[in-house]
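**Student:** Before I ask anything, here is the structure I am working with.
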Amino acid sequence: MSIADNVKRVHDRIDAACAKAKRAPSEITLVAVSKQKTVADIVSAAEAGIQHIGENRVEECIGKIAPVQAAAPGPLTWHMVGHVQSRKAKRVIQHFDIVQSLDSLRLARRFSRLAGDSDQMLAAFLEINVSGEASKHGFAGYNWYQDNAVKDRLLRELGELFELPRLDIRGLMTMAPFEAEEGMIRRVFADLAALREELQDSLGVSLPELSMGMTDDFEWAIAEGSTMIRVGRALFGSRS
Ligand SMILES: *Cc1c(COP(=O)(O)O)cnc(C)c1O
């Protein structure tokens, strides 16, 4: 299977999931996650129509951006989807268009200050750890609708975050639990969608995007309201 064939197959899957959910495929942005993949692979994806690229390691990605952009048919939007260490925040701002993995108030403050230094706004998603898995990054959101301490903390921290001047928060992002079954994965996606409503109502903010769904679960994410899916293996093949 070529990457172009894979892009077509993923679009077929998106179309089928949207038909089932009575949604329009145009509501879904496909981000191709190219970690561990080569410049040639990313260029092939771009030639097949991919416009959004996701990477999870700063150093690995920075080396790929210039050669990809030199060969790609048009400009690509680069998304950081992995955890960002404080000391790498500056390089992330310099090279990426969107940070999907804004996972703490401390990092948000740092990004806002750095964006101010270079007189720019940083587009970002708030990563929420809805599954509660300890291995996952994100603002603690497990069981937020039943656990008032979790909800109060989220509202307090995110309320403070939305006051930061240089962040353009587009929406929420989450990762499904590993190796869980459908019901559990869908509940995580539904919880994130409900949290978006709660934050919009309680904080008076607008959060148009929900970034959720990967190779193994994006149909369920689309059924639960995802507007952005992050797909790696179904486009580029398995990783080592
Ligand atoms: C790797 C990765 C993806 C893509 O995962 P696949 O299972 O290969 O589709 C999506 N989001 C994040 C944050 C990732 O690190």
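**Student:** Considering only residues that are more than 12 Å from the chain's Cα centre (by Cα) and surrounded by fewer than 22 Cβ atoms within 10 Å (Cβ to Cβ), which ones fall in segment 71-88? Step through it out loud before you land on a result.
**Tutor:** Restricting attention to segment 71-88, the residues satisfying the condition of being more than 12 Å from the chain's Cα centre (by Cα) are 71-77, 84-88.
Across segment 71-88, the qualifying residues are A71, A72, P73, G74, P75, L76, T77, Q85, S86, R87, K88.
**Student:** Next question. Going by the conditions given, is S135 polar (S, T, N, Q) and either touching a helix residue (DSSP H, G or I) at 6+ places or on another chain (Cβ under 7 Å) or modelled with pLDDT of 95 or more (or both)?
**Tutor:** In short, no.
**Student:** Exactly one condition in (1) buried (at least 18 other Cβ atoms within 10 Å of the Cβ); (2) under 14 Å from the mean Cα position of the chain (by Cα) is not met by L161; state its number.
**Tutor:** (2)
**Student:** Mind checking which residues of segment 50-70 are loosely packed, with under 14 Cβ neighbours inside 10 Å and away from the ligand (no atom under 16 Å from the Cβ)?
**Tutor:** Within segment 50-70, G63, A66, A70 meet the criteria.
**Student:** Scan segment 42-60 residue by residue and report those that are within 16 Å of V99 (Cβ to Cβ) and touching a helix residue (DSSP H, G or I) at 6+ places or on another chain (Cβ under 7 Å).
**Tutor:** Within segment 42-60, I53, E55, V58 meet the criteria.
**Student:** Could you tell me how many of the residues in segment 106-132 are among the polar types (S, T, N, Q) and either touching a helix residue (DSSP H, G or I) at 6+ places or on another chain (Cβ under 8 Å) or buried (at least 23 other Cβ atoms within 10 Å of the Cβ) (or both)?
**Tutor:** Count: 3.
**Student:** Looking only at residues that are more than 16 Å from the ligand (Cβ to nearest atom), touching a residue at least 12 places away in the same chain (Cβ under 8 Å) and not in a loop (DSSP other than H, G, I, E, B) in segment 200-240, which one is farthest from K35 (Cα to Cα)?
**Tutor:** Looking at the filtered set, the residue picked out is S202.
**Student:** For residues in segment 147-158 being basic (K, R) and under 15 Å from L105 (Cα atoms), which is surrounded by the most Cβ atoms within 10 Å (Cβ to Cβ)?
**Tutor:** R153
**Student:** Further, regarding this structure: Give the residues of segment 151-189 that are within 16 Å of the ligand (Cβ to nearest atom) and in contact (Cβ under 8 Å) with a residue 60 or more places away in the chain, sorted by residue number.
**Tutor:** Correct list: R170, M173.
The values are calculated or read from the model by the stated rules, or taken from the named source; none is laboratory data. Worth saying up front: this structure is predicted, and the values here are computed from it rather than measured. All Cβ positions, glycine included, derive from the backbone under ideal geometry; neighbour counts span all protein chains shown.
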